[in-house]
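The values are calculated or read from the model by the stated rules, or taken from the named source; none is laboratory data. What you see is a predicted model; the values in this text were computed from it and never measured. Cβ placement follows ideal geometry from the backbone for every residue including glycine, while neighbour counts extend to all protein chains displayed. Just so you know, the surface numbers come from the protein's heavy atoms only, side chains and all, with ligands and any DNA or RNA stripped out. Shrake-Rupley method; radii C 1.70, N 1.55, O 1.52, S 1.80 Å.
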Amino acid sequence: MTGMTRREAMAGTLGGAAALFALGSNAMGGSSLSGEALGWDPDRQKYTLPPLPYPADALEPFIDAETMRIHHDLHHNGYVKGLNKALEMLHAIRWEKGDPGTLQHWQRQLAFHGGGHLNHSLFWRNMAPPDQGGGGRPESPLYDILGRDFGSYDKFVWQFKQAANKVEGSGWAWLVREQTTGMLMVLQQENQQKGLFAGCVPLLGVDVWEHAYYLKYQNKRTDYVDAFMNVINWPEVSRRYLEASRG
Ligand code: MN
């Protein structure tokens, strides 16, 4: 914090909060992940990459260890770095040390890399090894709500897989809770920041960028999405649902 006034330091903190608001408006309406879960370091005013919540090979054979390592250590880390860079540049512009003409560029970088950091932080948590809660079916009340909003649990599964399989190019499929109506919806997201609207809390997401599956599944995305269903951490998704329901 050397060389930074108290006012600047506070603005930096607000910068972190503002980043999450930006994620909200560009990606979705609140992640319900804490700053700590997102690796926000208030002293250094930077995000750090949180470790995977389980060993890289824990999701074998559904998701292979090498894919997990590259995905987390390289891809996710790249988004954390990009997010920090965008925050730094926006901070400089705010304090008249940067070029205001680049504001739109860095705002887009913030949305893209911030979306990437948020999405992956959720993604690692919404998977679990099969012997630690991964796979199977959700319990009530989530099971019943899925039935209410999709017709049945199996129809939800069908729609979720369809959404994931039919993302054009790179993107994600999400189960979200729309907070005004309380309805659960399945939505596609382009890249990692476009397509969802503010007011939706993400409950469960699947990354269908090729980097998420190509080493093991090559072009067979549907096989990857089928395999993903075996490692969904339903207790965590249920917990997120209950948290979102409480507002
Ligand atoms: Mn990814």
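What the table shows:
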item	result
Summed side-chain charge close to Ala128 - residues other than Ala128 whose Cβ falls under 15 Å, Lys, Arg +1, Asp, Glu -1	-1
Segment 131-246, accessible surface, carbon-and-sulfur percent (1.4 angstrom probe)	48 percent
Within straight-line cross-link reach of Lys97, aspartates and glutamates at Cα separation under 18 Å, skipping those fewer than 8 residues along the same chain	Glu8, Glu88
Contact order relative to length of the chain, as percent, for alpha carbon pairs under 8 angstrom and 6 or more apart	25 percent
For Lys46, residues with placed amide H under 5 Å, excluding near neighbours	Asp41
Accessible area per residue in Å² at 1.4 Å probe, computed on the chain	48 Å²
Angle in degrees between helix 234-245 and the longest Cα principal axis of the chain, rounded to the nearest 10	60 degrees
Relative contact order (percent, whole number), segment 96-238, Cα cutoff 8 Å, 6+ residue spacing	31 percent
Note, ³J(HN,Hα) from phi for segment 185-198, Karplus 6.51, -1.76, 1.60, rounded to Hz, x at Gly and Pro	9, 9, 10, 9, 10, 7, 6, 9, 8, 10, x, 8, 10, 4
Whole-Å distance, taken between Cα centres, linking segment 161-183 and segment 196-231	11 Å
Over 20 Å between alpha carbons, listed pairs Lys155/Lys216; Lys194/Lys220; Lys166/Lys220; Lys161/Lys220; Lys46/Lys85	Lys155/Lys216; Lys194/Lys220
Calculated diffusion of segment 98-247, Stokes-Einstein form, Kirkwood radius summed over Cα pairs, 20 °C and 1.002 mPa s, µm²/s	133 µm²/s
